[in-house]
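Scroll down for the structure; my scribbles are underneath it.
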Amino acid sequence: MQDFQELKCTSLHDNHQALGAKLVPFAGWEMPIQYASILAEVRAVRTSSGMFDVSHMARIYLTGPEVGDFLDWVLPAPIQEMGINRAHYTLLLDDSGGIIDDGIIYRLGIENWLLVTNASNRQLVLTWLAKWKKHFKQIEIDDRTES
């Protein structure tokens, strides 16, 4: 017997439905994959614009006096010197240098950061961060993906 869970909806879900999107399950969310034909969508994006709903993506806030040192430890490039209100594309790597996920790290304040990663890898990312958090006592990791 298969265990079904109710799919979560993004804040734009009603808009997607009203516009006739084809909705499918993705990482626990009901997400649009197509509105019209693929060719029609390519033409629309190339002649006008397109939009991708990212409100399902993992949003992990990191705060505290040691957060810069922590991020420099878990990310492959030093980002502690990054300016406030700046963002940097990054990777999260495992112990062998393999990619756990990619993401964007935003510096929101002196001790306030936001890491946005893929929804499908959210639990892997949180587990990886928790593994290293024990070495940095003065940080908080707050997963706000669903709030």
Give region 1-42 a look and list any residue that's open to solvent by 90 Å² or more (accessible area, probe 1.4 Å), of a type in the set (S, T, N, Q), over 12 Å from His56 (Cβ atoms) and out of contact with any strand residue (DSSP E or B) (no Cβ under 8 Å at 6 or more places or on another chain), or say none.
Gln2, Gln5
Quick one: what pairs do we get from region 96-109, first residue without any contact (Cβ under 8 Å) to a residue 60 or more places away in the chain and among the charged types (D, E, K, R), second surrounded by 13 or more Cβ atoms within 10 Å (Cβ to Cβ) and part of a loop (DSSP other than H, G, I, E, B), C-beta under 6 Å, 6+ apart or different chains?
Asp101/Asn118; Arg107/Met82
Scanning region 1-33 residue by residue, the ones that are assigned to a strand (DSSP E or B) and either within 21 Å of Thr145 (Cβ to Cβ) or modelled with pLDDT under 90 (or both) total 11
Result of the Cβ filter at 8 Å on region 126-137, keeping first residues that are within 16 Å of Leu91 (Cα to Cα) and partners that are open to solvent by less than 90 Å² (accessible area, probe 1.4 Å) and not aliphatic (A, V, I, L, M), at least 6 apart or interchain, is Leu126/Asp143; Trp128/Asp94; Trp132/Phe70
Check region 67-86 and report whether any residue there is surrounded by fewer than 16 Cβ atoms within 10 Å (Cβ to Cβ), closer than 29 Å to Glu140 by Cα and in contact (Cβ under 8 Å) with a residue 60 or more places away in the chain.
yes
Answer yes if at least one residue in region 113-124 is open to solvent by 60 Å² or more (accessible area, probe 1.4 Å) and over 20 Å from Ala27 (Cβ atoms), and no otherwise.
no
Taking region 90-112 as the search range and keeping residues that are open to solvent by less than 90 Å² (accessible area, probe 1.4 Å) and charged (D, E, K, R), which one is modelled with the lowest pLDDT?
Asp94
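The values are calculated or read from the model by the stated rules, or taken from the named source; none is laboratory data. No experiment lies behind these values; they were computed from the predicted model shown. Here Cβ is always computed from backbone atoms with ideal geometry, including for glycine, and neighbour counts include all displayed protein chains. Heavy atoms of the whole protein, side chains included, go into the accessibility calculation; ligands, DNA and RNA do not. Shrake-Rupley method; radii C 1.70, N 1.55, O 1.52, S 1.80 Å.
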